[in-house]
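These notes are about the structure you will find just below.
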Amino acid sequence: MDCASHKGETLRNQFLNMNITRNKNMGIKDQEIKHQAVTASERSHVKLIPEYILERYKSAKWWRFFPKDFVFKTIGEFKDKTICDFGCGSGGIAAQFAKLGASVMGIDISDELIKNAKDRAIVNDVSQNTRFIAVDAENYELPPKQFDFLLAYDILHHVDIKSVLPNICSGLKQDGKAIIIEPISCSPVFKKLRNLIPIKKDASPADRQLNKADLKLISNYFENYKLTFYSLFGRLIRFFPNAKYMDRDHPFTKFFLLLLNGVDRVLISVFPFLWRYYGIVVFVGDNSNGKQDDKI
Ligand SMILES: C[S@@+](CC[C@H](N)C(=O)[O-])C[C@H]1O[C@@H](n2cnc3c(N)ncnc32)[C@H](O)[C@@H]1O
């Protein structure tokens, strides 16, 4: 373990110990903010995005296998696009969007993660086409009809969906698209099985998986939408320690990840009813036919 991650681990342990005594008095949002401050300290050493990563997502050739590649495929041409990264974390994806020519606004509840995102933009020389704001997504109004795309990557399961969806819709241009990626658990049997397996589950205090009712709720805000499911056998990614480095020097990892996710793709195209056993959904919605507001 290097120094930075050791420091992060120590901070995380301190945070967890602190939690035992404080949990009862702290709201879930305060706990989330504290948790993200620890995450930010672990990610404070921001780096230049390697060229091979930019190339991978620019070509988006693996969009059938991985949700993030699918995001880049959906956006397609980045030049002169305005994109909101809603719950941007430490700004990794926002910086990649900006590197490809988009103007990006990132929002996140954590001051510390937003600082990381700003530092990352400086290191990657994209400060001029990025803007990051530390705000609570549940109480912040996006500039109306501003964005060609809004990405909400792993944030809706942290917030009250009904508070943020009207805002997401009103931030989009008439033909703008929302891309929402979330962990899901739509099979009670799978949920029970998952609870029996001793693996690390929820990453932060506000973490949960969305269910079928949540997906229905989200779809109600959009005139047109499409769901793409990932991660049936792809779940086994957690057992590949080098999964993050599959693009470089880890051919076995790469082979197995493509195989597992490829099998997932084939299975769902032949047996669409299997969707409820998948672990990740990418929801792409728009209101190009006119509907903009909360109709729930
Ligand atoms: C799982 S992380 C995902 C971060 C980023 N989208 C990514 O994919 O790397 C969830 C993010 O949501 C942010 N978040 C949680 N609650 C929020 C809220 N109420 N308003 C804004 N951001 C929030 C957290 O600070 C965290 O950065």
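Read the figures in this text as sums done on the coordinates, not as results from a lab. For clarity, every value in this text was computed on a predicted model and none was experimentally measured. Positions of Cβ are generated from backbone atoms using ideal geometry, with glycine treated the same way; all protein chains shown enter the neighbour counts.
Report the full-extension gain for the segment Val270 to Asp160: residue separation times 0.36 nm, less the Cα-Cα distance, to one decimal in nm.
Extra length available between Val270 and Asp160 comes to 36.1 nm.
Just want to confirm a number: the relative contact order over the chain, from Cα pairs under 8 angstrom separated by 6+ residues, in percent.
17 percent
Please sort 228-234, 104-110, 58-64 by packing, taking for each peptide the average over its residues of neighbouring beta carbons within 10 angstrom, highest first.
For the peptides 228-234, 104-110, 58-64, the packing ranking is 104-110, 228-234, 58-64.
With r as the distance between the Cβ atoms of Glu77 and Glu223 and R0 = 25 Å, compute the FRET efficiency 1/(1 + (r/R0)^6) and round to 0.05.
Computed FRET efficiency for Glu223 and Glu77: 0.60.
Compute the whole-percent fraction of alpha carbon pairs in the chain spaced more than 23 Å apart.
The share of Cα pairs beyond 23 Å in the chain comes to 59 percent.
Over 22 Å between C-alpha atoms is what I'm after, so list which of Lys81/Lys173; Lys29/Lys81; Lys79/Lys177; Lys68/Lys99; Lys212/Lys244; Lys118/Lys177 land there.
Beyond 22 Å between Cα atoms: Lys29/Lys81; Lys212/Lys244; Lys118/Lys177.
Over the range 91-136, calculate the relative contact order: mean separation of alpha carbon pairs under 8 Å at least 6 apart, over the residue count, as a percent.
It rounds to 49 percent for the range 91-136.
How far apart, in nm, are the 7 Å Cα→Cβ label points at Lys47 and Asp175?
3.9 nm
Run lengths n ≥ 4 of DSSP H only: what is the helix-derived mean residue ellipticity at 222 nm for the chain, with -39500 (n - 2.57) per run over all residues, to the nearest 500?
Calculated at 222 nm, the ellipticity per residue is -13000 deg cm²/dmol.
Within 10 Å, count the other beta carbons around each residue, average over each peptide in 172-180, 212-220, and list them highest first.
Packing order, densest peptide first, comes out as 172-180, 212-220.
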